[in-house]
Amino acid sequence: MSAPAPPPLTDRTVVVLTEDTLTAADVAHITALHAEDDVDYRVLVPADTERNLLVSVVDHLGLGELREALDEVLGREPHPAEARAQASDQLAGSLAAFGAAGEVADGSVVGDDPIPVLTDEVARGGVREIVVVTYPHAVEDTFHRDWASRARDRLRVPVLHLYAGTSELG
């Protein structure tokens, strides 16, 4: 299998998929990758309304988050309207972080599975790169079922996976 061809120079959109509000550090890492380029940023935040209980519990336990693991077991998931409201707040905060860095960005809240939306974005053309910003997820990352791995498998654009709040690659 050959590597995907580099994007044409006319592609100027960097799609940023994040599961939480981007911090100033996250935005600095993302924008540093394109400091010499004229790019547009598009932020996508999924409204997490359908969680896999086992995967969520293992992820929380793997990170030493006992309270969060207990919340998952006890079924303390947000109602779909709450999840959309939370995602809207995360999107607003992320767009504000880009604005504070002197960058213009737009975005939207998407459904639980962001891969179809990413596929549509790429199909429309103009996408240079996808940057996925998440917290570590033991199960998904290990078995390559995380958003970044799934996007790499399906889309013909570069996909970078960063862990939130760090410069670590996923």
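Taken together, the residues in region 90-102 that are open to solvent by 60 Å² or more (accessible area, probe 1.4 Å) and either at pLDDT below 95 or on the phi > 0 side of the Ramachandran plot (or both) amount to 1.
Note on region 123-139: residues that are aliphatic (A, V, I, L, M) and surrounded by fewer than 20 Cβ atoms within 10 Å (Cβ to Cβ) amount to 3. Does region 103-122 hold any residues that are loosely packed, with under 15 Cβ neighbours inside 10 Å, part of a loop (DSSP other than H, G, I, E, B) and charged (D, E, K, R), and which are they? The answer is Asp112, Asp113. In region 9-35, what residues are at pLDDT below 85 and surrounded by fewer than 10 Cβ atoms within 10 Å (Cβ to Cβ)? Within region 9-35, Leu9, Thr10 meet the criteria.
The values are calculated or read from the model by the stated rules, or taken from the named source; none is laboratory data. On a predicted model such as this, the values are computed, not experimentally measured, just so you know. Ideal geometry is used to build each Cβ from the backbone, glycine not excepted, and the neighbour counts take in all protein chains shown. Remember, those area values only see protein heavy atoms, side chains included, never the ligands or the DNA or RNA. Shrake-Rupley method; radii C 1.70, N 1.55, O 1.52, S 1.80 Å.
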